[in-house]
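Below: the structure, in structure tokens.
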Amino acid sequence: MDQSEAPVLDALAAYHSSGQTPFTPPGHKQARGADPRVRAVLGDAVFHSDVLATSGLDDRTSSHGVLERAQELMAEAVGAEHAFFSTCGSSLSVKSAMLSVAGPHEELLVGRDAHKAVVSGLILSGIRPVWVEPSWDPERHLAHPPSAQAFADAFAAHPDVKGALVTSPTPYGTSTDLAAIARICHEHGKPLIVDEAWGAHLPFHPDLPTWAMDAGADVCVTSVHKMGSGLEQGSVFHLQGDLVKPEVLKSREDLLGTTSPSVLIYAALDGWRRQMVEHGRALYDDALALAESVRKRIAEIDGMHVHGREDFCGPGRAFDLDPLQIIIDITELRTTGYRAADWLREHHQINLHLSDHRRISAQLTHADGPDTADRLLEALRDLAEHADDLRPARMVDVPDPEGLRMESAALPRDAFFGPAEQVPLDRAVGRISAEMLTPYPPGIPVVVPGDRLTEEVLRYLRSGVEAGMVVPDAADSEVKSIRVTAED
């Protein structure tokens, strides 16, 4: 195929040049109806390219095959057999993948460090999760993806599961041995789904961790808006092999997806694929060199330690690391990542990727260069010099792995949709949660519906909120009370 094509972008150009007059949605009619104050901020180009996918970008019957051609080009570019565009983010893509593999009351192996979108998929589908524990670093209080051995043990204990789902890389940039997990799944005749939301760039440079399709995964979900040049909500999920049928995956996406997809998002996905095919290797040569330089310069700042392979990879830890995720331990500054992130935004207009009780992180992509790197370094040096202003910081009571484990006492769907009540924190111990409790970012639930709550977990969440943690999906965002299943 001719990878210099960009079918969606070409169709948009043709739409503009042919002088189309829409008597269809969207109601702003090529910006004419938009409030001038909105146009002043967004610009008219956004509205001009906000057209219907059918009876707009393509004709009523989609006879030009614009989207289909763009998806075929994407699949070829990354070495998958099929690619599907999503304008509802990887939150929709991963749910579509899950529903293609398992159904209500069927079991699916799921890494316990899964994103809240996966838990939402469990709730909507009625799938019964068999949790696979992450690889826990007790020294740094950080979870890495579950190991291949953990999945092998889970298959041995649950031979009737329909498949497996693993998140790799994590928001902290660590990856598991996907090739080994894929082999284990296929030995059992079961598919592997990889939530690779943070890895859309991986196919385009050999010095990045192996991407899921190359490792043998059956379905791979990528968020192009995270590490690529996509617009927010731009996601692609890929398929290969015969364990998941493409028509089944497409039908699940159709069930969950919007009937009003954004052509703007399609266009950005299409253009990003072409950019990566033509220039990805050179762009990531530069990005990786920049990341190495940034890491070295941050390491020279007093009180800051940049995590690398020597910290995160090895037996009992992660298999590989994406060096573009710059994870900085600021324990020696004697403050929290929450306070540090807030200070950097307030004083330097620097927005960090994530923060936790002892770390901050900066995500680099192919879009960064010496100018943005220098701004980051200047801000971090100033942070170190003003660390006294961020003390004393409330400490977070982080349990060990045993303290974070809870009994799965009910199906997530049953607990979420069943009768529930809100109880004070001190009365929630031993009760079954009816809600997700998810520190954000990175969006990995500490509690999922159906978990039997423990004192350790509740103390962790409450101390975290007092220290600056955000738990946006809780009914009580201050976590002074918890939504639990009603008791007879």
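For the stretch 1-60, enumerate the residues that are over 30 Å from ALA80 (Cβ atoms) and of a type in the set (D, E, K, R). Selection gives LYS29, ARG32, ASP35, ARG37, ARG39, ASP44. Close Cβ contacts (under 9 Å, 6 or more residues apart or on different chains) running from residues in the stretch 13-37 that are within 21 Å of VAL66 (Cα to Cα) to residues that are exposed (fewer than 10 other Cβ atoms within 10 Å of the Cβ) comprise GLN30/THR21. THR174 meets the stated requirement of being touching a Cys at 6+ places or on another chain (Cβ under 8 Å), touching a residue at least 60 places away in the same chain (Cβ under 8 Å) and buried (at least 24 other Cβ atoms within 10 Å of the Cβ). Pairs meeting the criteria (first residue in the stretch 273-288 and in a helix (DSSP H, G or I), second residue aromatic (Phe, Trp, Tyr), beta carbons under 7 Å, at least 6 apart or on different chains) are MET276/PHE204; GLY280/PHE204; ARG281/PHE204; TYR284/PHE204. Within the stretch 103-111, the presence of a residue that is within 30 Å of ASP329 (Cβ to Cβ) and over 19 Å from the mean Cα position of the chain (by Cα) is excluded. For the criterion of being over 20 Å from PRO169 (Cβ atoms) and either in contact with a helix residue (DSSP H, G or I) (Cβ under 8 Å, 6 or more places away or on another chain) or at pLDDT 95 or above (or both), ARG309 fails. The set of residues from the stretch 249-264 being open to solvent by 40 Å² or more (accessible area, probe 1.4 Å) and either free of Cβ contacts under 8 Å to residues at least 12 places away in the same chain or among the β-branched types (Val, Ile, Thr) (or both) comprises SER251, ASP254, THR258, THR259. Check the stretch 36-51 and report whether any residue there is closer than 15 Å to GLY234 by Cβ and among the aromatic types (Phe, Trp, Tyr). Checked against the condition, which is being closer than 15 Å to GLY234 by Cβ and among the aromatic types (Phe, Trp, Tyr), the stretch 36-51 yields no hits at all.
Each residue in the stretch 403-424 was checked for being assigned to a helix (DSSP H, G or I) and basic (Lys, Arg), and 1 pass. Out of ASP322, ASP302, one residue alone is more than 30 Å from GLU72 (Cβ to Cβ) and acidic (Asp, Glu). It is ASP302.
Which residues, taken from the stretch 354-366, are closer than 22 Å to ARG140 by Cβ and open to solvent by less than 30 Å² (accessible area, probe 1.4 Å)? If the condition is that a residue be closer than 22 Å to ARG140 by Cβ and open to solvent by less than 30 Å² (accessible area, probe 1.4 Å), then LEU354, SER355, ASP356, ARG359, ILE360, SER361, ALA362, LEU364 are the ones that fit.
The single residue among ALA267, ALA287 that is over 30 Å from HIS386 (Cβ atoms), in contact with a Ser or Thr (Cβ under 7 Å, 6 or more places away or on another chain) and surrounded by 13 or more Cβ atoms within 10 Å (Cβ to Cβ) turns out to be ALA267. MET436 meets the conditions (1) touching a residue at least 60 places away in the same chain (Cβ under 8 Å); (2) within 17 Å of GLY403 (Cβ to Cβ); (3) touching a strand residue (DSSP E or B) at 6+ places or on another chain (Cβ under 7 Å) in every case but one. The failed one is (2). Do we find a residue being part of a strand (DSSP E or B) and open to solvent by less than 10 Å² (accessible area, probe 1.4 Å) anywhere in the stretch 200-220? Yes, the stretch 200-220 has at least one match.
In summary, helices (runs of 4 or more DSSP H) completely within the stretch 1-96 and bearing 2 or more residues that are within 30 Å of HIS279 (Cα to Cα) and open to solvent by 60 Å² or more (accessible area, probe 1.4 Å) occur at 7-17, 44-48, 66-78. Provide a single number: the residues in the stretch 345-364 that are in a loop (DSSP other than H, G, I, E, B) and touching a residue at least 24 places away in the same chain (Cβ under 8 Å). So the answer is 6.
Residue by residue, here is whether (1) touching a Phe, Trp or Tyr at 6+ places or on another chain (Cβ under 8 Å); (2) among the hydrophobic types (A, V, I, L, M, F, W, C); (3) under 25 Å from ALA289 (Cβ atoms) holds:
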residue	(1), (2), (3)
ALA341	no, yes, no
ILE350	no, yes, yes
GLY369	no, no, yes
GLU378	no, no, yes
LEU383	yes, yes, yes
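Sort out which residues of the stretch 124-160 are part of a loop (DSSP other than H, G, I, E, B), touching a helix residue (DSSP H, G or I) at 6+ places or on another chain (Cβ under 7 Å) and over 22 Å from ARG317 (Cβ atoms), and write them in order of number. Correct list: GLY126, ILE127.
The values are calculated or read from the model by the stated rules, or taken from the named source; none is laboratory data. Small disclaimer: the values here were computed from a predicted structure and weren't measured. Positions of Cβ are backbone-derived with ideal geometry, glycine not excepted, and every protein chain shown enters the neighbour counts. All accessible areas refer to the heavy atoms of the entire protein, side chains included, with ligands and DNA or RNA removed. Shrake-Rupley method; radii C 1.70, N 1.55, O 1.52, S 1.80 Å.
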